[in-house]
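Participant: Attaching a single structure in structure tokens format; questions to follow.
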Amino acid sequence: MRLLSIIFIVFLLSLNIDCSENKDNVSLKGTWQYAEGFDESYLSHPEKLQWRDVEVPFDFRRIQKFSDYTGYLTVRKKFPESIQSRIGLPLSIFLNQLCDVSEIYINTTKIGSLGTVEPYHSAMYRDFLGDIPQNSLLNESDNFLNIVLYAKEGTPLYIAGPDLYMGPAADVYEQYYIQEILSLSLIVFYIIAGLYHLLLFYKRRSEFEYLLFGITAF
């Protein structure tokens, strides 16, 4: 079991190093803008909204006005310069733990959604992974990622993250799947460790710590 643990740790560390060395993906954490309400016309005429700065990830329920809010909230972020310079190449985006109901736009083009308003269906804890269509991007002006959040009274209203990034399509998918493999590997390791300690308890019935560890591992 000790040898298996060492091999497993080395395997996880190698995956983590590969993931951390992916420097082409750009984090979207930092300063965004938000405004109350949403209408599709706002995407092409953002001046209709009163924008305020916010540091994302952020739980908007921390703002008194949105603590028990029902309605839409529009948040946006200008493309980082390093992504703007890559327009014309395949690009993708990953957003971790958005609001229960959310719609994702690149400028005025909708590229995906999570959950539904009518009927209300929550997509809590779901992630968004998608490609950025080339026809949604502007070559001669700034590009914006727009996310429309919807909350029903008492439901979450946040962009939780912590993983929010965009970049070359191949790099975004690579980082996403490495993270998934890491998560799955940990689950498998806990199951194996749990079964191993249950087996030890089967052979040593007086040592209840093996039973307790085996049960808690699941």
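Participant: In the range 6-44, what count of residues is obtained for those that are in a loop (DSSP other than H, G, I, E, B) and either modelled with pLDDT under 90 or in contact with a helix residue (DSSP H, G or I) (Cβ under 6 Å, 6 or more places away or on another chain) (or both)?
Facilitator: 5
Participant: With the condition kept exactly as written, say whether any residue in the range 175-186 is closer than 30 Å to Lys78 by Cβ, in contact with an Asp or Glu (Cβ under 9 Å, 6 or more places away or on another chain) and not in a helix (DSSP H, G or I).
Facilitator: no
Participant: May I ask you to list the residues in the range 137-159 that are under 21 Å from the mean Cα position of the chain (by Cα) and at pLDDT 90 or above?
Facilitator: Asn143, Phe144, Leu145, Asn146, Ile147, Val148, Leu149, Tyr150, Ala151, Leu157, Tyr158, Ile159
Participant: Yes or no: the range 45-67 includes at least one residue that is surrounded by fewer than 17 Cβ atoms within 10 Å (Cβ to Cβ), modelled with pLDDT under 95 and closer than 26 Å to Val26 by Cα.
Facilitator: Scanning the range 45-67 turns up at least one residue that is surrounded by fewer than 17 Cβ atoms within 10 Å (Cβ to Cβ), modelled with pLDDT under 95 and closer than 26 Å to Val26 by Cα.
Participant: Could you tell me which residue of the range 62-111 is farthest from Pro133 (Cα to Cα), considering only residues that are of a type in the set (Val, Ile, Thr) and without any contact (Cβ under 8 Å) to a residue 60 or more places away in the chain?
Facilitator: Once the filter is applied, the top-ranked residue is Ile63.
Participant: What tally of residues in the range 93-131 results from selecting those that are hydrophobic (A, V, I, L, M, F, W, C) and touching a helix residue (DSSP H, G or I) at 6+ places or on another chain (Cβ under 6 Å)?
Facilitator: So the count comes out to 3.
Participant: Let me ask you something else. Give the residue that is surrounded by the fewest Cβ atoms within 10 Å (Cβ to Cβ), with candidates limited to residues of the range 123-136 that are outside any strand (DSSP E or B) and at pLDDT 90 or above.
Facilitator: That would be Asn135.
Conditions (1) crowded, with 19+ Cβ neighbours inside 10 Å; (2) under 19 Å from the mean Cα position of the chain (by Cα); (3) in a strand (DSSP E or B); (4) not small (Gly, Ala, Ser), marked per residue:
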{"site": "Thr74", "(1), (2), (3), (4)": "yes, yes, yes, yes"}
{"site": "Ile83", "(1), (2), (3), (4)": "yes, yes, no, yes"}
{"site": "Cys99", "(1), (2), (3), (4)": "yes, yes, no, yes"}
{"site": "Ser102", "(1), (2), (3), (4)": "yes, yes, yes, no"}
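The values are calculated or read from the model by the stated rules, or taken from the named source; none is laboratory data. Remember, it's a predicted structure, so these values are computed and weren't measured experimentally. Cβ coordinates were reconstructed from backbone atoms using ideal geometry, including for glycine residues, and neighbour counts include every protein chain displayed.
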